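Trainee: For reference, the structure I am asking about is given below.
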Amino acid sequence: MTKSQTSGSPSDKPPMDDGLELIRRAKQDPGAFEELYRQNVQAIYKYFYNRTQNQAEAEDLTEQTFMAALEGIQRYRENGVFLAWLFTIARNKAVDFFRTNKNLSPLEIPEDIPVHSDFLNDIIQVERQKAIRRIFQTLPEEEKELIRLRYIADLNFATIGRLLHRSEGSVKKATYRIIHRMRMQLEEKYE
């Protein structure tokens, strides 16, 4: 699935779904929902894997999200953005998961990010990842969620804004401020 990044001034009208006809067909025929699944499963899975750091849990939560979406497709309003609606379901599934599994302490940045073969670069890379992870863990949950939706789920600013009931511009500005603050903290650490 490719997502175009939005640019220019935000519009007063909400962004429309590219697959509006597909959604209409899925409302009539559950078999048509399969294409919606194929188009969106990767973003949902990456979001859950980042939250749980567990492949089985991420797969289970992804399945639960799509089952809930299939069961609720009749309630989807076609004036919205399907991906934002789907992520609303996913975020609720994540809240439920962590509410029932309070003893879990998920890592926010994956440990298994590949590193280069050069030993010194490997050490530097690992140390930077640890520093970024520590900085990320100090962020308030609202800021963590912005970073997850933008960089883990790869959602564009308009979709995130729709999902969080904020303007595209405020989401973009908040995200860039978070990244700038994290970059400054990282630079202070390595000065």
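The values are calculated or read from the model by the stated rules, or taken from the named source; none is laboratory data. Just so it is clear, the structure is predicted and the values come from calculations on it, not from any experiment. Using ideal geometry, Cβ is built from the backbone for each residue, glycine included, and neighbour counts are taken over all protein chains shown.
Trainee: Any chance region 123-138 includes a residue that's out of contact with any helix residue (DSSP H, G or I) (no Cβ under 9 Å at 6 or more places or on another chain), hydrophobic (A, V, I, L, M, F, W, C), modelled with pLDDT under 90 and surrounded by 12 or more Cβ atoms within 10 Å (Cβ to Cβ)?
Mentor: Yes, region 123-138 contains at least one residue that is out of contact with any helix residue (DSSP H, G or I) (no Cβ under 9 Å at 6 or more places or on another chain), hydrophobic (A, V, I, L, M, F, W, C), modelled with pLDDT under 90 and surrounded by 12 or more Cβ atoms within 10 Å (Cβ to Cβ).
Trainee: Let me ask another. So for region 48-58 (the condition being modelled with pLDDT of 90 or more, buried (at least 16 other Cβ atoms within 10 Å of the Cβ) and of a type in the set (Asp, Glu)), does at least one residue qualify?
Mentor: Checked region 48-58: at least one residue is modelled with pLDDT of 90 or more, buried (at least 16 other Cβ atoms within 10 Å of the Cβ) and of a type in the set (Asp, Glu).
Trainee: Mind checking which residues of region 99-122 are of a type in the set (D, E, K, R) and either at pLDDT 85 or above or more than 23 Å from the chain's Cα centre (by Cα) (or both)? Write out each step before concluding.
Mentor: Taking region 99-122 and keeping what is of a type in the set (D, E, K, R), we get 99, 102, 108, 111-112, 118, 122.
Within region 99-122, Arg99, Asp118, Asp122 meet the criteria.
Trainee: Also, I was wondering about something else. Any chance region 71-88 includes a residue that's without any contact (Cβ under 8 Å) to a residue 24 or more places away in the chain and of a type in the set (Phe, Trp, Tyr)?
Mentor: The answer is yes, given that some residue of region 71-88 is without any contact (Cβ under 8 Å) to a residue 24 or more places away in the chain and of a type in the set (Phe, Trp, Tyr).
Trainee: Restricting attention to region 59-82, which residues are farther than 24 Å from Asn156 by Cβ, surrounded by 14 or more Cβ atoms within 10 Å (Cβ to Cβ) and either among the hydrophobic types (A, V, I, L, M, F, W, C) or touching a Cys at 6+ places or on another chain (Cβ under 6 Å) (or both)?
Mentor: Passing the criteria: only Leu70.
Trainee: Continuing with this model, one more query. Please determine, by comparing only the residues of region 152-191 that are of a type in the set (Asp, Glu) and free of Cβ contacts under 8 Å to residues at least 12 places away in the same chain, which one is farthest from Gln137 (Cα to Cα).
Mentor: Going residue by residue through region 152-191, those that are of a type in the set (Asp, Glu) are 154, 168, 187-188, 191.
Right, trim to free of Cβ contacts under 8 Å to residues at least 12 places away in the same chain and you get 187-188, 191.
On the way: Glu187: 17, Glu188: 17, Glu191: 21 Å.
Across region 152-191, the extreme among qualifying residues is Glu191.
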